[in-house]
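The values are calculated or read from the model by the stated rules, or taken from the named source; none is laboratory data. A quick note: this is a predicted structure, and the numbers were derived from the prediction, not measured. Cβ: placed from backbone, ideal geometry, glycine included. Neighbour counts: every protein chain shown. Heads up: the accessible areas ignore ligands, DNA and RNA and are worked out on the full protein's heavy atoms, side chains in. Shrake-Rupley method; radii C 1.70, N 1.55, O 1.52, S 1.80 Å.
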Amino acid sequence: MLIFIKEKLVFFATPKTASTSIETTLGTLCEIRLSKNPALKHTPYRKYKRLLEPFVQTVMPEKPDCVAAFREPVDWLSSWYRYRSRKELIGKPNSTHGLTFDEFIEAYLQEDQPPYARLGSQAKFVSDKNENIGITHLFRYDQIDHMVGFLSERLKKQITLPKTNVSPKVEVSLSPNLLKELQTAQKRDFEIYNSITL
């Protein structure tokens, strides 16, 4: 999370949406930077509202614009699946090594998820406790150039994103039945993604 007091802007680091690249590029420009520890870096909107906003309001009385990227849900899960298949995670509870993508999705859809499938959801990340979207400027990850353009204009800085924290390239496919089940279980994620316009 990056908080820009002068520009009245809060960047929410949705996991697996180039948030590390954004932080690397813009981290020195903001007044408040939550990073390194994933629980801090990926602070969701509802936690921000409850814990951070009261403090931020003491130095930024006007309500800031909130910015985040949102990835197509299957692509988002694919990125997690590939990221957790890295060699250095083999043998650890959060490793997806040796699993098919279908098996990973089946685990994600379980009520009692194994460690490698405990990911939460993007919908929950960008929403308040009443499930209302709190992000004022939500951008599709596959059109991230629009978010980069918005940030460049707002911060008056030309931004070029480096490639960091990239998931390994692995071919994935999802069975039609599991896709339908995922679309039902994560309906809100698909709705939000499909509602984002330029």
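Out of the residues in the stretch 181-198 that are part of a loop (DSSP other than H, G, I, E, B) and of a type in the set (A, V, I, L, M, F, W, C), state the one that is modelled with the lowest pLDDT. Among residues in the stretch 181-198 that are part of a loop (DSSP other than H, G, I, E, B) and of a type in the set (A, V, I, L, M, F, W, C), the one modelled with the lowest pLDDT is L198. Is there any pair with a first residue in the stretch 22-36 that is closer than 14 Å to S152 by Cα and a second that is part of a loop (DSSP other than H, G, I, E, B) and polar (S, T, N, Q) whose Cβ atoms are under 6 Å apart and which are 6 or more apart or on different chains, and what are they? So the pair list comes out as E23/S35. When each of F125, F150 is tested for being closer than 28 Å to R86 by Cβ, of a type in the set (A, V, I, L, M, F, W, C) and modelled with pLDDT of 95 or more, the lone residue that passes is F125.
Cβ-Cβ contacts under 6 Å between residues 6 or more apart (or on different chains), taken from a first residue in the stretch 80-99 that is among the β-branched types (V, I, T) to a second residue that is assigned to a loop (DSSP other than H, G, I, E, B), are listed as I90/H97; T96/R84; T96/S85.
With respect to (1) of a type in the set (D, E); (2) part of a loop (DSSP other than H, G, I, E, B); (3) surrounded by 15 or more Cβ atoms within 10 Å (Cβ to Cβ), the lone exception for E131 is condition (3).
The set of residues in the stretch 21-33 being open to solvent by 30 Å² or more (accessible area, probe 1.4 Å) and aliphatic (A, V, I, L, M) consists of L29, I32. Filtering E62, E111, E72, E88 for residues that are closer than 28 Å to T160 by Cα and open to solvent by 10 Å² or more (accessible area, probe 1.4 Å) leaves a single hit, E72. Among the residues of the stretch 138-180, those that are in a helix (DSSP H, G or I) and open to solvent by 70 Å² or more (accessible area, probe 1.4 Å) comprise D142, D145, H146, E153, P176, N177, K180. Here A18 clears all of (1) open to solvent by 20 Å² or more (accessible area, probe 1.4 Å); (2) in contact (Cβ under 8 Å) with a residue 40 or more places away in the chain; (3) touching a strand residue (DSSP E or B) at 6+ places or on another chain (Cβ under 7 Å); (4) farther than 23 Å from I144 by Cα except the condition numbered (4). Looking across the stretch 67-121 at every residue that is more than 29 Å from F150 (Cα to Cα) and of a type in the set (A, V, I, L, M), the one that is nearest to the chain's Cα centre (by Cα) is identified as A117. Filtering the stretch 4-12 for residues that are touching a Leu at 6+ places or on another chain (Cβ under 7 Å), open to solvent by 30 Å² or more (accessible area, probe 1.4 Å) and either part of a helix (DSSP H, G or I) or farther than 17 Å from Q158 by Cα (or both) leaves an empty set.
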